[in-house]
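The values are calculated or read from the model by the stated rules, or taken from the named source; none is laboratory data. Everything numeric here is computed off the predicted structure, so don't read it as measured data. Don't worry about glycine lacking a Cβ; one is built from the backbone with ideal geometry, like all the others, and counts go over all protein chains shown. Note: accessible area is taken over every heavy atom of the protein model, side chains too, but ligands, DNA and RNA are not part of it. Shrake-Rupley method; radii C 1.70, N 1.55, O 1.52, S 1.80 Å.
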Amino acid sequence: MYLNGEELTSDDHFQDHADSDIPVQVYYQNVHKDIGFIELYNRFFIKINHTYYNRNSHVFLSRPGY
């Protein structure tokens, strides 16, 4: 189980969220950019709401129950 606001960093985290339809919130330089469900991911990008976010420049937070 993931805590609300827990940072996601590994492929296992992203796969768990994709499999369980747990929303993910995206931040860039401490500014909220998006919230939604993971459509695809690889070692470089996470696709949420038809937008690719770079894993090295964005922060991804778990938002269960959102």
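Once the chain from residue 3 to residue 35 is taken as fully extended at 0.36 nm per residue, the excess over their C-alpha distance is 9.9 nm. Restricting the chymotrypsin sites (Phe, Trp or Tyr not before Pro) of region 1-44 to loop positions (DSSP other than H, G, I, E, B) with no more than 15 neighbouring Cβ atoms within 10 Å leaves 37, 44. Here the Karplus curve 6.51 cos²θ - 1.76 cosθ + 1.60, taken at θ = phi - 60°, turns the phi angles of region 25-41 into couplings of 9, 10, 10, 9, 6, 6, 10, 4, 10, 6, 8, x, 9, 6, 8, 8, 7 Hz, with x standing for Gly and Pro.
Accessible area ranking (1.4 Å probe, heavy atoms, ligands and nucleic acids excluded), largest first, for 50, 32: 50, 32. Here, the chain is characterised by an Rg to Rh ratio of 0.90, where Rg is the alpha-carbon radius of gyration and Rh the Kirkwood radius.
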